[in-house]
1. Given a cut-off of under 8 Å on Cα pairs at least six residues apart, what relative contact order in percent is computed for the chain?
2. From the helices alone, meaning DSSP H stretches of at least four residues, give me the mean residue ellipticity at 222 nm for the chain, per-run term -39500 (n - 2.57), in deg cm²/dmol to the nearest 500.
3. Enumerate by residue number the GluC sites (Glu not before Pro) in the stretch 4-71 meeting two conditions: DSSP loop (anything except H, G, I, E, B), and at most 12 other Cβ atoms within 10 Å of the site's Cβ.
4. Between (1) 65; (2) 49; (3) 59, which matches percent of Cα pairs over 14 Å apart calculated for the structure shown?
5. Quick one: Karplus J couplings for the stretch 32-46, per residue in order, coefficients 6.51, -1.76, 1.60, θ = phi - 60°, nearest Hz, x for Gly and Pro?
6. Filter the chymotrypsin sites (Phe, Trp or Tyr not before Pro) in the chain down to the DSSP loop ones having no more than 12 other Cβ atoms within 10 Å, then list what survives.
Amino acid sequence: MASEYSLTVVLEKMYENQLGLEAAIMELVLLVESQGHETIGENARGALERIGENAGFIKQGIARLQSTGKN
């Protein structure tokens with residue numbers, strides 16, 4: 001069983017935080033765009049795209065750590 005502060009548990013918590021921040025930023029993007037600031041929305045969406053790409057990489061890394069038993 002993984003300890004409370006094992007590497008995989010800590011990474012999973014960071015991943016969950018990243019998903020939460022991504023959702024919050026998207027809400028702000030929608031608000032900004034609805035107020036007519038399309039350029040700001042486009043810039044933020046670019047950052048969100050990178051966050052999404054990195055989230056996939058992080059999730060794969062966590063899965064690999066879990067499968068090798070490294071905690």
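1. That works out to 46 percent.
2. It lands at -30000 deg cm²/dmol.
3. 4
4. (1)
5. 4, 5, 5, 8, x, 9, 5, 5, 5, x, 5, 4, 5, 5, x
6. When the chymotrypsin sites (Phe, Trp or Tyr not before Pro) of the chain are filtered for loop state and at most 12 Cβ neighbours within 10 Å, 5 remain.
Taken together, the values in this text are just the output of simple stated rules run on the coordinates, not laboratory data. Not measured: the values here are computed from a predicted model. A quick note on method: Cβ atoms are made from the backbone with ideal geometry, for glycine too, and the neighbour counts reach across all protein chains shown.
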